[in-house]
1. Starting from the Cα-Cα distance between Gln227 and Ser180, subtract it from 0.36 nm times their residue separation and give me the gain in nm to one decimal.
2. Give the shape of the stretch 70-143 as rounded, prolate or oblate, defined through the alpha-carbon gyration tensor: a ≥ b ≥ c are the square roots of its eigenvalues, a/c under 1.5 means rounded, and otherwise the shape is prolate if a/b is larger than b/c and oblate if not.
3. With a ≥ b ≥ c the root eigenvalues of the C-alpha gyration tensor of the chain, is it rounded (a/c under 1.5), prolate (a/b larger than b/c) or oblate?
4. Please give the contour-minus-distance gain from Val155 to Lys139: 0.36 nm per residue of separation, less the Cα-Cα distance, rounded to one decimal in nm.
5. What is the calculated FRET efficiency for Met213 to Glu120, with r their C-beta to C-beta distance and R₀ = 45 Å, to the nearest 0.05?
6. Any idea how far the Cα center of the stretch 155-232 sits from the one of the stretch 1-40, in Å?
7. Search the structure for amide H atoms under 5 Å from the amide H of Glu37, placed 1.01 Å from N in the peptide plane, and list their residues when 5 or more places away or on another chain.
8. Two decimals is fine: what's Rg over Rh for the stretch 72-199, C-alpha atoms, Kirkwood radius as Rh?
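The values are calculated or read from the model by the stated rules, or taken from the named source; none is laboratory data. Since the structure is predicted, the reported quantities are computational estimates derived from the model, not experimental observations. Here the Cβ is made from the backbone with ideal geometry for all residues, glycine too, and neighbour counts use every protein chain on show. Note: accessible area is taken over every heavy atom of the protein model, side chains too, but ligands, DNA and RNA are not part of it. Shrake-Rupley method; radii C 1.70, N 1.55, O 1.52, S 1.80 Å.
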Amino acid sequence: MLVEITGKRNEEILTVTTRQIAEDFEKDHKEVIYAIEGRTAETANGKESKNKGIIPILIEGGNPHIEKYFITSEYIGENGRKYKQYLVTRDGFSLLAMGFSGEKALRWKLKYIEAFNSMENELKRIYTERQQWQIERDKGVVIRHILTDTIKMKVAESPNKRFAYPNYTKLIYKILFGKSVKELQEQFKVKEKESIRDYLTSEDLKQVENLEMLISSLINCGWGYEQIKGFVQENVTEKTE
């Protein structure tokens, strides 16, 4: 893939490695590195370079704003050693690619423009999904309070009453996802003190919320656990298959 989404959650950016750029534009990787750092092969090792036409950008000791376009990174070589590379953003690529000329270079520039545009749309989709996820997550907190409050007020007192909410949660997960809580925890690699819901999609969360509201309504109607379990197994399972 030419362009990838990198960075921490909520701070993702689009980048391409200097190694990928060097390969596609038929340059030596060190020449691309030198160009970004404001050096040439001549100043670096005194040797003539076949790629000396690359325009140096002068990231080191130059404009500090440029540094955000070229993020220092590493890769593991075939010998197992670490080597330097840069993660290049869209703006960084534009600066760097100015120094590449020729018919092949033009074709690759166009491919990279298409790749950045495509991945930008994917990044927008991720952000939109994340916003929707947060909305559903916040709604879920309110709905869980409704369910727990309904259990407190409508379920008769007994030694097993404290297990009512976790039992309904287990039932919901089993019906919607066909797996137990433990199986879902293993599937998503849920860490201690984390919730399975943190790993569900916004659509999954919406289904969980709908089922919690349904169960709250049935409890309010005086239904017991077994009656509710039979009803949702018969009706909800058929709708989600």
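1. Values: separation 47, 0.36 × 47 = 16.92 nm, distance 2.02 nm.
Net length gain for the segment: 14.9 nm.
2. Numbers: a/c = 3.69, a/b = 1.73, b/c = 2.13.
The shape class here is oblate.
3. Values: a/c = 3.83, a/b = 3.45, b/c = 1.11.
Verdict is prolate for the chain.
4. Working: separation 16, 0.36 × 16 = 5.76 nm, distance 2.36 nm.
Here the answer is 3.4 nm.
5. Using R0 = 45 Å, I get an efficiency of 0.75.
6. Taking the Cα centre of the stretch 1-40 as reference, the centre of the stretch 155-232 is 46 Å away.
7. Ile57, Leu58, Ile59
8. On the way: Rg = 25.4 Å, Rh = 20.3 Å.
Ratio of gyration radius to Kirkwood radius for the stretch 72-199: 1.25.
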